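Q: Below: one structure in structure tokens.
The values are calculated or read from the model by the stated rules, or taken from the named source; none is laboratory data. The model shown is predicted, which means the values in this text are computed figures rather than measured ones. We place every Cβ from the backbone using ideal geometry, glycine too, and count neighbours over all the protein chains shown.
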Amino acid sequence: MSEPIAALRPLARRMVLHAALAAGATLVMVPLARRPAAADTVKVYIDNFTFAPAELTVAPGTTVVWTNHDDIPHTITSSDGAFKSHALDTDDSFTFTFEKAGSYRYFCSLHPHMVGMIKVG
Amino acid sequence: MSNETEIEPQDDGVGRRSLLKCMLWAGSGVLWTIAGGVPRSLRIESAEAANAAAASSLSFLQISDSHIGFAKEANPDVTATLRQAVERINRMPARPAFVLHTGDITHLSKPGEFDLAAEVLKEVRTERIHYVPGEHDVLEDDGRSFLDRYGQGTQGQGWHSFDQNGVHFIGLVNVVNLKAGGLGNLGGEQLEWLESDVAHLSASTPIVVFAHIPLWSIYPDWGWGTSDAAQALGYLKRFGSVTVLNGHIHQVMQKVEGQVAFHTAMSTAFPQPRPGTAKGPGPMKVPADQLRHLLGITDVSFVPGQGRLAVVDHALDQPSA
């Protein structure tokens with residue numbers, strides 16, 4: 001389970017930053033080294049036409065939430081048809097739970113140079 | 001418009017210095033003419049420009065990227081700037097034969113956005129408006145919202161052609177069925193249609209192609225190009241005058257390659273950064289008093305017998321010529 005922890009670190013950093021911004025850096029209580037349980041939720045953000053993190057490794061059963069921070073709509077579209085969101089306007093989210101192990105490539109169907117990958121296993 | 005517009009370094013058929021000189025004037029009241037693949041720029045108030053305008057029997061306007069429904073910081077009132085663009089068109093000395101809208105009419109493909117755009121655009125004093133969709137117009141239902149309104153008499157996802165004053169116009173759709181990691185895409189069915197559409201035309205017929213995403217590779221890192229454009233342009237190689245009008249990148253860019261002149265228009269909604277100068281290609285926030293200098297319309301005229309089209313960009317804050 002070392003891979004999922006590594007994958008979560010950028011997210012944790014981001015949450016720390018958010019918390020710091022929101023609470024003046026006094027309420028930083030995000031657990032940095034928590035092991036992800038199977039039922040975890042992991043977040044991916046879209047900023048400046050980029051998925052971050054672009055590649056993520058999660059345990060089966062993990063729910064991934066994508067949130068669009070751009071002023072332009074984007075979609076989360078699986079390359080093999082496993083999932084496809086509606087167009088996400090600013091701050092809209094899309095959620096998908098990955099039950100089966102495998103590698104899931106996805107992209108934005110409006111701006112196909114935007115690509116990402118979820119590895120489940 | 002900005003006087004810092006850049007061109008691709010691989011331009012041929014014209015010296016980089018002379019093209020850059022032309023481009024310094026782009027959008028600031030300069031008439032752009034294209035003769036035999038070599039662009040010349042003339043001050044719009046010059047006698048030659050006046051003569052060219054008088055002799056011109058065909059004048060049309062391009063409008064692009066109105067993004068009705070967008071209401072973010074880069075422009076909280078895109079309806080007002082579209083109205084201003086319409087007023088700008090209606091003040092042109094010559095009434096345009098028609099208007100081309102090169103896509104992203106709406107921001108989110110919502111029926112209310114299409115309706116509002118139609119309400120504003122019906123005030124344009126012209127015969128008709130031809131539309132091709134941008135990716136923002138086909139967000140849902142395989143582009144039904146767009147096709148229900150503008151698909152009449154078109155093929156596939158909205159591609160079509162028509163003739164006016166001896167010029168053959170081709171509207172292409174390169175915003176649907178996009179593939180992961182790719183760019184804009186025309187697709188096999190549309191390319192076949194294009195090949196047969198131009199097969200019967202004589203090589204001396206001036207061609208105008210209009211589509212949303214640029215048909216030349218401007219900045220692939222931001223998706224600013226069309227993967228199968230070379231095949232489409234291959235079918236047009238035998239023609240002496242080809243003008244390609246695009247939108248999508250919300251700024252003026254021009255390039256001449258052989259007999260083909262490429263041009264992208266300003267948006268009426270918000271500007272986008274020059275390639276590679278920002279983290280991404282999203283809306284660019286500028287001081288309120290500069291916004292209307294970066295939004296605008298494009299005026300195109302054709303002079304019979306001269307085989308050249310004049311392309312002039314007008315910023316919204318520019319006084320009428």
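Q: Out of all the residues in the stretch A:91-119, which are outside any strand (DSSP E or B) and either over 30 Å from B:L186 (Cα atoms) or within 7 Å of chain B (Cβ to nearest Cβ) (or both)?
A: A:D91, A:E99, A:K100, A:A101, A:S109, A:L110, A:H111, A:P112, A:H113 - these are the residues of the stretch A:91-119 that are outside any strand (DSSP E or B) and either over 30 Å from B:L186 (Cα atoms) or within 7 Å of chain B (Cβ to nearest Cβ) (or both).
Q: Could I ask something else about it? Of everything in the stretch A:61-70, what is surrounded by fewer than 20 Cβ atoms within 10 Å (Cβ to Cβ) and either under 16 Å from A:H86 (Cβ atoms) or of a type in the set (S, T, N, Q) (or both)? Give them in sequence order.
A: A:T63, A:V65, A:T67
Q: Let me ask something else about it. Right, B:D137: acidic (D, E), more than 26 Å from B:I207 (Cα to Cα) and within 14 Å of chain A (Cβ to nearest Cβ) or not?
A: no
Q: Related question: For the stretch A:64-79, enumerate the residues that are over 16 Å from the mean Cα position of the chain (by Cα) and more than 10 Å from chain B (Cβ to nearest Cβ).
A: Scanning the stretch A:64-79 gives no hits.
Q: Could you please give the count of residues in the stretch B:271-302 that are in a loop (DSSP other than H, G, I, E, B) and not small (G, A, S)?
A: Here the count works out to 17.
Q: If we keep just the residues of the stretch B:91-133 that are of a type in the set (D, E) and within 14 Å of chain A (Cβ to nearest Cβ), which is farthest from the chain's Cα centre (by Cα)?
A: Filtering first and then ranking leaves B:E113.
Q: Specify the residue that is nearest to B:V78 (Cα to Cα); the eligible residues are those in the stretch A:62-90 that are among the small types (G, A, S) and assigned to a loop (DSSP other than H, G, I, E, B).
A: Among residues in the stretch A:62-90 that are among the small types (G, A, S) and assigned to a loop (DSSP other than H, G, I, E, B), the one nearest to B:V78 (Cα to Cα) is A:A87.
Q: Determine if the stretch B:132-142 includes at least one residue that is touching a Pro at 6+ places or on another chain (Cβ under 6 Å), under 23 Å from B:S301 (Cα atoms) and β-branched (V, I, T).
A: No, because not a single residue in the stretch B:132-142 is touching a Pro at 6+ places or on another chain (Cβ under 6 Å), under 23 Å from B:S301 (Cα atoms) and β-branched (V, I, T).
Q: Another question, if that's okay. Mind checking which residues of the stretch A:80-117 are surrounded by fewer than 17 Cβ atoms within 10 Å (Cβ to Cβ) and among the small types (G, A, S)?
A: A:G81, A:A82, A:S93, A:A101, A:G102, A:S103
Q: Given the criteria in contact with a Pro (Cβ under 8 Å, 6 or more places away or on another chain) and either hydrophobic (A, V, I, L, M, F, W, C) or under 23 Å from B:I105 (Cα atoms) (or both), does B:Q290 qualify?
A: no
Q: Among the residues of the stretch B:118-139, are any on the phi > 0 side of the Ramachandran plot and at pLDDT 95 or above?
A: no
Q: Do you know which of the residues in the stretch A:24-60 that are away from chain B (no Cβ under 14 Å), assigned to a loop (DSSP other than H, G, I, E, B) and modelled with pLDDT of 95 or more is surrounded by the fewest Cβ atoms within 10 Å (Cβ to Cβ)?
A: A:P60
Q: Looking for whichever is surrounded by 19 or more Cβ atoms within 10 Å (Cβ to Cβ) and in contact (Cβ under 8 Å) with a residue 40 or more places away in the chain here; the options are B:Q254, B:Q231, B:Q272. Which one fits?
A: After ruling out the rest, the residue left standing is B:Q254.
Q: Just to be sure I understand, how many residues within the stretch B:258-287 are under 12 Å from B:N75 (Cβ atoms) and within 19 Å of the chain's Cα centre (by Cα)?
A: 7
Q: Select from the stretch B:59-68 the residues that are farther than 14 Å from B:P283 by Cα and part of a loop (DSSP other than H, G, I, E, B) and list them in ascending order.
A: Once the filter is applied, which keeps residues that are farther than 14 Å from B:P283 by Cα and part of a loop (DSSP other than H, G, I, E, B), the stretch B:59-68 yields only B:S64.
Q: Just the residues that are within 14 Å of another protein chain (Cβ to nearest Cβ), buried (at least 23 other Cβ atoms within 10 Å of the Cβ) and assigned to a strand (DSSP E or B), please, taken from the stretch B:203-226.
A: Of everything in the stretch B:203-226, those that are within 14 Å of another protein chain (Cβ to nearest Cβ), buried (at least 23 other Cβ atoms within 10 Å of the Cβ) and assigned to a strand (DSSP E or B) turn out to be B:W224, B:T226.
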